[in-house]
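To start, the structure under review is shown below, and the notes come after it.
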Amino acid sequence: MDLFTQILLAIAKILFVVIVAVGAFAPVLLWAERRQSAMMQDRVGPHRAHIPLPRSVVEGLRLTLKPLEAGIFGSFFAAGLAIVALVILLLSSRETLFGQEAKTYYLAVVGFGILGVLARVGHKVHGGIVESGGKIALLGLLHPLADAIKMIFKEDFVPPKADKLLFSIAPILTMVTAIAAFAVVPFADTLFLECATDVVPRDVATVMACDGSGGVATAIPMQIASLDIGILFIFAIAGTGVVGAAIGGYSSDNKYSLMGGLRAASQMVSYEVALGLTIVPCFMIYDSLRLEEIVMWQHEAGIWGIFIPPLTIACVLYLFAAIAETKRVPFDLPEGESELVGGYLTEYSGMKFGMFFAGEFVEVVVLGALATVLFFGGWDVPFLYRSGFDLPGTWELVIPMTDWVIQDTIALQHWAVIVIQVIAFLLKIAILMWLQLMIRWTLPRFRYDQIMKVCWKGLLPLSIANILLTGIIVLLWT
């Protein structure tokens, strides 16, 4: 693979990470928090963001509502007729059921069904626009977009006596380091370029090219960088975010900002110690710091880390420390509005505030991705291998009155396996984000002394005890 292709692949991976972390997960997390906050506080919430339409357009939509309803009725009526015809085919002979004539009926059922669903969706959107007086809200998902546009054009206020250089650098440090931590996270198994449309052997480390050239297929790791110190790289990069929060509070020339910066520094440094110790058992069991090897260990062993007793304890401790590390409720003392106005963010506005805000949400995604890799198998899907699905046992299931046979092995093309793994990885991250969101709206904010006590008298001793327990188990196991 030449240098130009390598550069293009690296750019594609970086764009994928930025789109997923900043363009997808962060806005959806913001929308979910706004929506849940509105529900709990009985407010309008994110549905306030909308695109108003001209009155003439609204009146035109109103006039087309009746024909659209007729189209819905017609589509479902046609789909019903096609289903009746299909039932008649099922009651007829087997040759007719699988004959060339039956394909027309199958296509009719699928086609009219799709038309009916699309018409129904269009009717709901159309009716919502008309009933709201010409406002397109898209379930409130326009609110994060409206926030981003507002922050871009909002006045960038800098306090007169603030250190302008440090004041400007702080949000950049927070945002960039949060995104850079994704560089070593694997989001799928290795992609063999020449065999993308073929079935790849299940347990072969080196795959031969499928184009008949006789060479070895080009292996593309599905991560930006593969480092021997993968986990340590994440902690080194993420730890720099502490500097951004401390600098932001110090350089603002505001006593509330200074107190928020000091709280952020002390809280994040304290919980980083506990966070690092909680995952030491992972090093001991997986025997590697490479994130891709950790996922492959779980994939080959057929068991996720969460189901290994020492790592189960480590996962619970990790989630506690991760929520505190991201300054989320109930650990949001650095931003405590009831005590510090806005904490280290008090003097920030416009896009600088937006970078702090986005960096905080990206940290949630990063720590969720790391938890997925360490404890939930990363991209691993049960019974899915490079060659496709391999279900337990050896069996065949023949569907009565048909020639269809379902076997314990289902071969899949290589690109389909990679897509399933990427979707599974993103879905696991989304579930962990949802868990953090539920904790945010379940527990009240702790006092500062309680937060420090939970870390130094709770998480830290338990983490050290878990390391000792894991060491004993590893010695007995080996």
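Readers should treat all values here as calculations from the given coordinates under stated rules, not as data from a laboratory. No experiment lies behind these values; they were computed from the predicted model shown. Cβ coordinates were reconstructed from backbone atoms using ideal geometry, including for glycine residues, and neighbour counts include every protein chain displayed.
Could you give each residue of the stretch 158-165 its phi-based ³J(HN,Hα) in whole Hz, using Karplus coefficients 6.51, -1.76, 1.60 with θ = phi - 60°, and x for Gly or Pro?
10, x, x, 9, 6, 7, 4, 5
Residue-wise, which Karplus ³J(HN,Hα) couplings in Hz belong to the stretch 283-290, taking 6.51 cos²θ - 1.76 cosθ + 1.60, θ = phi - 60°, and x for glycine or proline?
Whole-Hz 3J(HN,Hα) from phi for the stretch 283-290: 4, 5, 8, 6, 6, 6, 9, 6.
Skipping prolines and chain starts, which residues have an amide H placed within reach, meaning under 5 Å, of the one on residue 224, given they are 5 or more residues away or on another chain?
Sorted by chain and number, the residues that satisfy this are 185.
Holding the Cα-Cα limit at 23 Å, pick out from 164/255; 150/352; 352/428; 352/453; 161/255; 327/428 the pairs that are longer than that.
Over 23 Å apart, Cα to Cα: 352/428; 352/453.
Could you tell me the calculated FRET efficiency between residue 165 and residue 284, based on Cβ-Cβ distance and R0 = 45 angstrom, to the nearest 0.05?
0.55
Would you kindly derive the ³J(HN,Hα) couplings of the stretch 4-15 from the backbone phi angles with the Karplus curve 6.51 cos²θ - 1.76 cosθ + 1.60 (θ = phi - 60°), listing them in order in whole Hz, with x for Gly and Pro?
4, 5, 4, 5, 4, 5, 4, 5, 4, 5, 5, 4
Subtract the Cα-Cα distance of residue 445 and residue 381 from 0.36 nm times their separation in residues, and report this length gain in nm to one decimal. Before the final figure, lay out the partial values.
On the way: separation 64, 0.36 × 64 = 23.04 nm, distance 3.68 nm.
Length gained, residue 445 through residue 381: 19.4 nm.
Tell me, 348, 385 in order of fewest to most beta-carbon neighbours within 10 Å?
The most exposed by this proxy come first: 385, 348.
Would you please give the residues with an amide H less than 5 Å from that of residue 389, counting only those at least 5 places away or on a separate chain, with H modeled from the backbone geometry?
Placed amide hydrogens put 410, 412 under 5 Å from residue 389.
Whole angstrom only: what separates the Cα centroid of the stretch 1-31 from the Cα centroid of the stretch 257-281?
Computed from Cα coordinates, the inter-centre distance equals 28 Å.
If the chain between residue 197 and residue 154 were fully stretched, how many nm would it gain, using 0.36 nm times the residue separation less the Cα-Cα distance?
10.6 nm
Using a 7 Å offset from the Cα along the Cα-to-Cβ direction at both residue 419 and residue 8, what is the distance between the two label points in nm, to one decimal?
About 2.1 nm, to one decimal.
Using amide H atoms built in the peptide plane, which far-off residues or other-chain residues are under 5 Å from residue 198 H to H?
414, 415
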